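Asker: Got a structure here, written out as structure tokens. Questions coming.
Only the coordinates and a few stated rules stand behind these numbers; no lab work does. Predicted model only: the values in this text are computed from it and were never measured. Positions of Cβ are generated from backbone atoms using ideal geometry, with glycine treated the same way; all protein chains shown enter the neighbour counts.
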Amino acid sequence: MNMIKKPKVSIIVPVYNTELFLKRSVGSILSQTFTDLECILINDFSTDNSPQICDDFAKQDSRIKVIHKMKNEGNSLARKAGFDNSLGDYIQFVDSDDWIELDMTEKLYSTAIKEKADIVVCDYYRNHNNSYHYKIDNVDTQNNFNNLGFVHYPFIWNKLFCRELLSRVIFTSSLHYEDRVISQQAFFYANKIVKIPCPLYHYCLNPNSISQKKNTDIYLGEQENILFVIDFLRKNLKGNFDLKKKKINARVNKFKLQVFKAKNLPRKKELINFYPESKFWQWYFANLFKRALKALFPYFIYKLYRDKIKNRMD
């Protein structure tokens, strides 16, 4: 009987209508200096030429697996389908409109093995047109508690995850902003996190991507995921949950402020009134007062009241 050789790393790529970028993305994966990998392309019921591009890649390289979904369900469930069909000891995620440096997987994997890490994190580039902006991931590798709440970048595409760790994570069915749900669970369960201080991932701003198009459904999806994270932390942190309340309330209120400023947005009241613990209107008017104080009074007077106002905002 022929035994299937397990790859060391599975790279999971959800694909939805990214025919213009897909070849660049998958090409950067197949060109990795680390070759003991599989690449799983999950076609999330694309309506452009992406399915054919996926199949063409599979014909060219045996490390490519293609899963064609029969309906569009979003990145989270696409990633779950990829994970459920993966074999690697470590899991890496790449978005189909982004690309990675040729030694990204090698550096992440070798660090994970050497350090016996559950998660390896790297910095990244934020690409827009022909410009690259170096972005630092502020993960705390010394005190994992500091990564919980809403203080850390939620992205999962600049990280390598141990398979056993990711098997404990719940992939929600929400269509938008699902990275935070996955990363917060993973950080909670992780015993050791290691950071590589160099940019290895290229996050490319795509004006046609779902995340760039704000509407009620997208805001509702983000709201759903915020509530999932809050519920997860409340249940698992228990007595320590109160230590995260200020950070949680600040993140919720920043989300509500986006909703409040959005024009012609249906169900705005519903989006603002969820999670009343954040005391949005108190936070909002305290913020206005702070700005007015700073504008109307000399700096030394503003400084005297700054801490008091800040406490009210928190």
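Asker: State whether segment 9-209 is rounded, prolate or oblate according to the following rule on the C-alpha gyration tensor (a ≥ b ≥ c being the square roots of its eigenvalues): a/c under 1.5 gives rounded; otherwise a/b larger than b/c gives prolate, and the remaining case gives oblate.
Answerer: Working: a/c = 1.43, a/b = 1.39, b/c = 1.03.
Cα axes put segment 9-209 in the rounded bin.
Asker: Another question, if that's okay. Report, for the chain, the % of DSSP beta bridges that are antiparallel, rounded to 5.
Answerer: Details: 13 of 38 bridges.
Here the share of antiparallel DSSP bridges comes out near 35 percent.
Asker: Which FRET efficiency value, to the nearest 0.05, do you get for residue 261 and residue 142 by plugging their Cβ-Cβ distance into 1/(1 + (r/R0)^6) with R0 = 30 Å? Mind dumping the intermediate values first?
Answerer: On the way: r = 37 Å, r/R0 = 1.23.
About 0.20, to the nearest 0.05.
Asker: For segment 161-252, rounded, prolate or oblate, judged on the Cα gyration tensor with a ≥ b ≥ c (square roots of eigenvalues), a/c < 1.5 rounded, else prolate if a/b > b/c?
Answerer: On the way: a/c = 1.72, a/b = 1.14, b/c = 1.51.
Since a/c reaches 1.5 but b/c is at least a/b, the shape of segment 161-252 is classed as oblate.
Asker: Next up: Whole-Hz ³J(HN,Hα) for each residue in segment 14-27, computed from phi via Karplus 6.51 cos²θ - 1.76 cosθ + 1.60 with θ = phi - 60°, x for glycine and proline: what do you get?
Answerer: My calculation for segment 14-27 gives x, 10, 8, 6, 10, 4, 6, 10, 4, 5, 5, 5, 5, x Hz in order.
Asker: Still on this structure, I have one more. Please report the antiparallel percentage of DSSP beta bridges with both residues in segment 121-203, rounded to the nearest 5.
Answerer: Close to 50 percent.
Asker: Also, I was wondering about something else. So what is the relative contact order of the chain, in percent, for Cα pairs below 8 Å that sit 6 or more residues apart? The partial results should precede the final answer.
Answerer: On the way: 526 pairs, mean separation 50.2, N = 314.
Relative contact order for the chain comes out at 16 percent.
Asker: Take the Cα of residue 84, step 7 Å along the line toward its Cβ, and report every residue of segment 6-46 whose backbone nitrogen sits under 17 Å from that point.
Answerer: Backbone N within reach: 12-15, 40-45.
Asker: Nearest-5 percent of antiparallel DSSP beta bridges in segment 65-197?
Answerer: Working: 11 of 15 bridges.
Around 75 percent antiparallel, to the nearest 5.
Asker: By count of other Cβ within 10 Å, fewest leading, how are 294, 254 ordered? Walk me through the numbers before you get to the answer.
Answerer: Values: 294 16, 254 13.
Sorted ascending by nearby Cβ count, the order is 254, 294.
Asker: Rounded to the nearest 0.05, what FRET efficiency do residue 48 and residue 116 have when you use their Cβ-Cβ distance and R0 = 45 Å? Before the final figure, lay out the partial values.
Answerer: Values: r = 42 Å, r/R0 = 0.94.
That pair, residue 48 with residue 116, gives E of 0.60.
Asker: Mind scanning 135/238; 69/247; 65/116; 71/195 and naming the pairs with a C-alpha gap bigger than 30 Å? Could you put the intermediate results ahead of the total?
Answerer: On the way: 135/238 33 Å; 69/247 38 Å; 65/116 28 Å; 71/195 37 Å.
135/238; 69/247; 71/195, as the Cα separations exceed 30 Å there.
Asker: Ok, one more. Which angle between 0 and 90 degrees, to the nearest 10, do you get for helix 179-189 versus the longest principal axis of the chain when only C-alpha atoms count?
Answerer: Taking the Cα atoms of the chain, the angle to 179-189 is about 90 degrees.
Asker: Using the count of nearby Cβ atoms within 10 Å as a rough guide to exposure, how do 99, 157, 281 rank from fewest to most? Display every interim value, and only then the final one.
Answerer: Working: 99 24, 157 17, 281 13.
The most exposed by this proxy come first: 281, 157, 99.
Asker: Taking only Cα atoms, what is the 0 to 90° angle, nearest 10, from helix 75-84's long axis to the longest principal axis of the chain?
Answerer: Once rounded, the angle reads 40 degrees.
Asker: Still on this structure: Determine the gain in length on full extension of the stretch residue 61-residue 33; use 0.36 nm per residue of separation and subtract their C-alpha separation, reporting nm with one decimal.
Answerer: Value of the extension gain: 8.5 nm.
Asker: Roughly how many debye, to the nearest 20, is the charge dipole of the chain about its Cα centre, given +1 on each Lys and Arg Cβ, -1 on each Asp and Glu Cβ, and no other charges? The partial results should precede the final answer.
Answerer: On the way: 49 positive and 34 negative charges, 389 e Å.
Approximately 1860 debye in magnitude.
Asker: Could you give the angle, 0 to 90 degrees to the nearest 10, between helix 216-237's Cα long axis and the longest principal axis of the Cα atoms of the chain?
Answerer: 90
Asker: Let me ask something additional. For residue 288 and residue 151, compute 0.36 nm times the residue count separating them, minus their Cα-Cα distance, and round to one decimal in nm. Could you put the intermediate results ahead of the total?
Answerer: Details: separation 137, 0.36 × 137 = 49.32 nm, distance 2.32 nm.
Extending this stretch completely gives an extra 47.0 nm.
Asker: Report ³J(HN,Hα) in whole Hz for each residue of segment 28-41, in order, from the Karplus equation J = 6.51 cos²θ - 1.76 cosθ + 1.60 where θ = phi - 60°; Gly and Pro get x.
Answerer: 5, 6, 5, 8, 4, 5, 8, 10, 7, 9, 10, 10, 9, 9
Asker: Taking the beta-carbon count within 10 Å as an exposure proxy, list 15, 252 from fewest neighbours to most. Mind dumping the intermediate values first?
Answerer: On the way: 15 30, 252 23.
With the sparsest Cβ surroundings first, the list reads 252, 15.
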